[in-house]
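J.: Take a look at the following structure, please.
The values are calculated or read from the model by the stated rules, or taken from the named source; none is laboratory data. Note that the coordinates shown come from a computational prediction; the quantities given were computed from them, not determined experimentally. Reconstructed Cβ throughout: ideal geometry from the backbone, glycine too, with neighbour counts over all protein chains shown. Areas reflect the complete protein model, heavy atoms only, side chains present, ligands, DNA and RNA absent. Shrake-Rupley method; radii C 1.70, N 1.55, O 1.52, S 1.80 Å.
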Amino acid sequence: MNEAVPILRVTNVETAYYGRLTVLRGVSLRVAAGQVVALLGSNGAGKTTLLRTIMGLIPDQPEKGSVEFTGRRINGWDPENVARLGIGYVPEGRGIFPELTVDENLALGAYTRSDDIRPDLERVTTLFPVLRARRRQLAGTMSGGEQQMLAIARALLMRPRLLMMDEPSLGLAPRLVSEIFATIRQINADGTAILLVEQNARMALSVAHFGYVLESGRLVLEGPSEELAGNANVQELYLGITQEQPAKGYRRYKTRRRWA
Ligand code: ATP
């Protein structure tokens, strides 16, 4: 168990689409203030569904269990209020508005704020200088990496205490992947906790303090990231490292949660 005092606590969550297609089956995880937590898992495991459940984006879900943020139960809250409470979300595919300029996208990111956003605009454009140079460019005409930076910058304008990111490195060239991960480190060093969904397990575990592995809607492994990175099953399934001795049956770990 992630022992640090959590700001996000997900307990036994079950989520179904249309009330019948059950995707999450009793998921419990925690993110502490200041932590980076990686959520790994193969395609279709339910990672995006978990982030969307936390954010309140799936109507009437979770069906069971609870989602608590800073001690408040947020099941059933709408996404706007979840964001106001301090959870930022950078969805897979980025979710920016391609027909709007960089500036307009950023302004939309802060639409629920009534105070002066200029200091935060300054902060995010310092984090991503490329955005400052492209303020009037249509977002849809920017490169994939620039769009990802815009999506992250937009989420940061709400000053989240927790930033949830879904596959931020997807489709990016290796140099940009390194840049995005350096930024994730920087955002975390500035005091924001991060829940990171990533196919790039190696990078995710290198930046995370703690990690969880989700398979078919169930968490099958969890631990400090260096332990996960050393786990034979994780190495074989997510890090592309072939074992000299075949890894012991994965099912064993599912039921016993033991380390290799
Ligand atoms: P990936 O790494 O491929 O993005 P994931 O772990 O994020 O996968 P999800 O996108 O959460 O997985 O999908 C989990 C399961 O839920 C899949 O079987 C998917 O087909 C199903 N699913 C996702 N969105 C919906 C939806 N809107 N309606 C019905 N089923 C859905």
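J.: Could you work out what % of the accessible surface of the chain is carbon and sulfur, using a 1.4 angstrom probe and leaving DNA, RNA and ligands out of the count? Don't jump to the answer; show the numbers that get you there.
T.: Details: 5980 of 12230 Å².
Here carbon and sulfur together make up 49 percent of the probe-accessible area.
J.: Mean separation of Cα pairs under 8 Å and 6+ residues apart, divided by the residue count of the chain: what relative contact order is that in percent?
T.: Rounded, it is 24 percent for the chain.
J.: Which whole-number value in Å² is the accessible area per residue of the range 33-171, probe 1.4 Å?
T.: Ligands and nucleic acids excluded, the figure is 44 Å² per residue.
J.: Something else about it: Output wanted: per-residue J couplings in Hz (rounded whole) for the range 192-204, from phi through Karplus 6.51 cos²θ - 1.76 cosθ + 1.60, θ = phi - 60°, x for Gly and Pro.
T.: So the J values, rounded to whole Hz, are 9, 6, 9, 10, 10, 9, 8, 7, 7, 5, 4, 5, 4.
J.: Another question, then. Short version: ³J(HN,Hα) in whole Hz for each residue of the range 31-38, in order, from phi by Karplus 6.51 cos²θ - 1.76 cosθ + 1.60 (θ = phi - 60°), x for Gly and Pro, what are they?
T.: Running phi through 6.51 cos²θ - 1.76 cosθ + 1.60 with θ = phi - 60° gives 10, 8, 4, x, 8, 10, 10, 9 Hz.
J.: Which residues' amide hydrogens lie under 5 Å from the amide hydrogen of LEU100, considering only partners 5 or more residues apart or on another chain, with H built in the peptide plane?
T.: Distant-sequence amide H within range of LEU100: ALA139, GLY140.
J.: Starting from the Cα of GLU68, step 7 Å along the direction of its Cβ; do the same at GLN137; then give the gap between the two resulting points in nm.
T.: Roughly 4.5 nm, to one decimal.
J.: Just to verify a number: FRET efficiency for SER28 and GLU122, C-beta to C-beta distance, R0 = 35 Å, to 0.05?
T.: 0.35
J.: DSSP loop (so not H, G, I, E, B), at most 11 other Cβ within 10 Å: list which GluC sites (Glu not before Pro) in the range 1-109 pass both filters.
T.: GLU3, GLU99
J.: While we're on this one: Could you work out [θ]222 nm for the chain from helices alone, using -39500 (n - 2.57) per DSSP H run of at least four and dividing by all its residues? Round to the nearest 500 deg cm²/dmol.
T.: Taken over the chain, the calculation gives -10000 deg cm²/dmol.
J.: Give me a comma-separated list of calculated 3J(HN,Hα) values for the range 175-186, in order, Karplus coefficients 6.51, -1.76, 1.60 applied at θ = phi - 60°, integers in Hz, x for any Gly or Pro.
T.: So the Karplus estimates, Gly and Pro as x, are 5, 6, 4, 4, 5, 5, 5, 5, 5, 4, 4, 5 Hz.
J.: Among DSSP beta bridges lying fully in the chain, give the percent that are antiparallel, nearest 5.
T.: Numbers: 23 of 40 bridges.
The answer is about 60 percent antiparallel.
J.: Counting Lys and Arg as +1 and Asp and Glu as -1, each charge on the Cβ, what is the dipole of the chain about the Cα centre in debye, to the nearest 20? List each step's numbers first, then the result.
T.: On the way: 32 positive and 27 negative charges, 112 e Å.
Dipole magnitude for the chain comes out near 540 debye.
J.: Among ILE180, ILE117, ILE74, which one shows the biggest mean-square fluctuation in a GNM of the chain, springs joining Cα atoms closer than 10 Å?
T.: Ranking ILE180, ILE117, ILE74 by mean-square fluctuation puts ILE117 first.
J.: Amide H to amide H under 5 Å from LEU195: which residues, 5+ apart in sequence or cross-chain, H placed 1.01 Å off N in plane?
T.: Those lying under 5 Å, H to H, from LEU195 are VAL37, LEU163, MET164, MET165.
J.: Using a Gaussian network model of the chain whose springs link C-alpha atoms within less than 10 Å, name the residue from ARG161, ARG73, ARG94 with the highest mean-square fluctuation.
T.: Ranking ARG161, ARG73, ARG94 by mean-square fluctuation puts ARG73 first.
J.: Taking the 0 to 90 degree range and rounding to the nearest ten, how far is the long axis of helix 118-127 tilted relative to the main principal axis of the chain, both from C-alpha atoms?
T.: Its long axis makes an angle of about 60 degrees.
J.: Tell me the chymotrypsin sites (Phe, Trp or Tyr not before Pro) within the range 6-84 that lie in a loop according to DSSP and have at most 13 other beta-carbon atoms within 10 Å.
T.: Counting only loop positions with at most 13 other Cβ atoms within 10 Å, the chymotrypsin sites (Phe, Trp or Tyr not before Pro) in the range 6-84 are TYR18.
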